[in-house]
Amino acid sequence: MKHAYTYEGALAAAHKVNWRIEDVIGGRQLDFRKPFLPEGLARVNPLPFLSGDERRILNQIRGHEYLVMFGLVEEFILPFVLDHARTRLDANDDRVRALMQFAGEEAKHIQLFKRFRRDFESGWGSRLDVIGPPEAIAKKVLSHDPLSVALVILHIEWFTQKHYLESIKDSQDLDPLYKSLLKHHWMEEAQHAKLDTLMVEALAAGYSKEEIGKAFDGYLDIGGFLDQGLVQQAKFNLESFTRATGRSLTTQEENQYADVQEQALRWTYLGSGMTHPNFLETVEMLDPALRRRLEEIAPTFC
Ligand SMILES: [Fe+2]
Ligand SMILES: [Fe+2]
């Protein structure tokens, strides 16, 4: 079924849910006795050689990675949305305001993720390495066709919805402050997903079928580029784990870790977006053959 998203509707919804950073934090601190990410994303339980405490620590390292990854992708979402808004400032007042609201919220999210990252790192006690720098990753992503980038952003907006609704919302054991971050982020991202659908449609309207196919290849290229980063990040996470716990794994355990965790990161940032029904619907609207292609590729990332 075709969606009924409008700039006016997204703007009205954004005004209703808009929050301040203080609303998310509310004077609380991260509680390192609790897990941060739901098991559906963390996938630490399929590592039976780790104790309960060690699994919690790995879960928290994944929680830190989640903050870093959002900080990183929002670094390219913000300039992209601003550039897109600028192309037609005189066409539709609701469009301009809704896109400026979108950009303003992403700037706030960048600030919020940074704040959480700082608080996390000051409570952690050992070094946490991460991929980057974000500016270099943003530059590489933004060097692609705008429609490729808009598809990547749409994919991200929709997986944020999936993460919250399918894994986070009903998880009762998570640290309440970290969960509050995920909830507030989800609330605003719901509007972004709709606006990004409109961005994809507006861009694609000027493309031939062949150009759309090329832009879709660009989307897959960016996915491949991010995938390499995720494999590296899974390695960094293991090093952070060893530093935090003093435990080094046997070769067999390390191999098992790599199998489980590389796939866990793939699912979190790639597979969960590629399989979102609304993302698939937009891809189908561009060209039904592209949806079939995506559905064939997606299981590798799930
Ligand atoms: Fe965001
Ligand atoms: Fe967003």
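Quick note: the coordinates plus some simple rules give every number you see, no bench work behind them. No experiment lies behind these values; they were computed from the predicted model shown. FYI the Cβ positions are ideal-geometry reconstructions off the backbone, even for glycines, and counts take in every protein chain you see.
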inquiry  = Between residue 278 and residue 225, what is the label-point separation in nm under the 7 Å Cα-to-beta-carbon projection?
reply    = 2.6 nm
key: 0 to 90° range, to nearest 10: angle between helix 176-204 axis and the chain longest Cα axis   = 30 degrees
key: Within a Gaussian network of the chain (alpha carbon springs, distance under 10 Å), most fluctuating of 123, 63, 271   = 123
query = For helix 7-17, what angle does its Cα long axis make with the longest principal axis of the chain, in degrees from 0 to 90 and rounded to 10?
reply = 30 degrees
inquiry  = Give me, ordered by chain and number, the residues 5 or more places off residue 129 or on other chains with an amide H under 5 Å from its own placed amide H.
reply    = 240
key: Cut-off 18 Å (backbone N to label point 7 Å along Cα→Cβ of residue 121), residues of region 11-52   = 30
query = Could you give the Stokes-Einstein D for the chain in µm² per second, using the C-alpha Kirkwood radius, 10 °C, 1.306 mPa s?
reply = 80 µm²/s
request  = Among the aspartates and glutamates, select those whose C-alpha is under 15 Å from the C-alpha of residue 34, and discard any that sit fewer than 8 residues away in the same chain.
outcome  = 53, 54, 173, 175
request  = Could you tell me what fraction of 2.2 N^0.38 Å the Cα radius of gyration of region 3-138 comes to, as a two-decimal ratio?
outcome  = 1.30
request  = Quick one: compute a quarter of the convex hull surface over the Cα atoms of region 138-289 and quote it in nm².
outcome  = 10.9 nm²
query = Between the helical axis of 277-286 and the dominant principal axis of the chain, each derived from Cα atoms, what acute angle in degrees is found, rounded to the nearest 10?
reply = 40 degrees
message = If I model a spin label as a point 7 Å beyond the Cα along the Cα-Cβ vector, how far apart are those points for residue 214 and residue 255 in nm?
response = 4.4 nm
ask   = Quick one: which of 47-54, 100-107, 124-131 comes out on top by average Cβ neighbours within 10 Å, and what's the full order, highest first?
value = 100-107, 124-131, 47-54
remark   = Cross-link reach from residue 214 to lysines, straight Cα distance under 18 Å and at least 8 residues apart if same chain, gives 140
